[in-house]
Amino acid sequence: MIKVVCGIIYQQDNIFICRRKEGKSLSGFWEFPGGKIEDGEKHEESLKRELMEELKMEVDVIGYFDTAIHHYQGFSIELIAYKCTLVRWEHYLSDHDRFNWVSPKVLTQWKLAPADIPLAEKLRQKAGSNI
């Protein structure tokens, strides 16, 4: 089981998603950004590190949101999501080729990575409430 952390990053009422670029695993799929947790690393530290490395993005981690487990062919991931607010972003993309700010109400209409779908569904269901 690979432990991965991701950010549900808010700006106003929209959530940041980005598309995996060609040549990466799951290329063409949209996801909540993040990455693998390194040994001995706290989840929030890992998330901040990964967002800075891949996006040059700084966030405030507000708190835990939910965990999704998905079994891909040959491996499984535990995707641990944290709610965040955007502090600063230089519009840099390294592992992605596109980004968008999306209303939680329509997240499930995007071609999301399979592990991200349960999180998007929960966000859609809670849209309009205080999550």
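The values are calculated or read from the model by the stated rules, or taken from the named source; none is laboratory data. Only a predicted model underlies this, so the values are computations on that prediction, with no experimental measurement involved. Note: ideal-geometry Cβ built from the backbone for every residue, glycine included; neighbour counts use all protein chains shown. What goes into the accessible areas is simple: the full protein's heavy atoms, side chains included, and nothing from ligands, DNA or RNA. Shrake-Rupley method; radii C 1.70, N 1.55, O 1.52, S 1.80 Å.
Scanning region 79-91 for residues that are within 21 Å of Pro118 (Cα to Cα) and either among the charged types (D, E, K, R) or buried (at least 17 other Cβ atoms within 10 Å of the Cβ) (or both) gives Leu79, Ile80, Ala81, Tyr82, Lys83, Cys84.
Looking only at region 92-119, residues that are open to solvent by 40 Å² or more (accessible area, probe 1.4 Å), outside any helix (DSSP H, G or I) and either closer than 14 Å to Arg19 by Cβ or free of Cβ contacts under 8 Å to residues at least 12 places away in the same chain (or both) come to 8 in all.
The C-beta contact set for region 53-79 (first residue farther than 24 Å from Leu93 by Cβ, second residue basic (Lys, Arg) and part of a strand (DSSP E or B), distance under 8 angstrom, 6+ apart or interchain) comprises Gly63/Lys83; Tyr64/Lys83; Glu78/Lys3. Pairs are defined by a Cβ separation below 8 Å, a sequence spacing of at least 6 or placement on different chains, a first member in region 17-28 that is touching a residue at least 40 places away in the same chain (Cβ under 8 Å) and surrounded by 14 or more Cβ atoms within 10 Å (Cβ to Cβ), and a second member that is assigned to a loop (DSSP other than H, G, I, E, B) and of a type in the set (Phe, Trp, Tyr); the pairs so defined are Ile17/Phe32; Ile17/Trp110; Arg19/Phe29; Arg20/Phe29.
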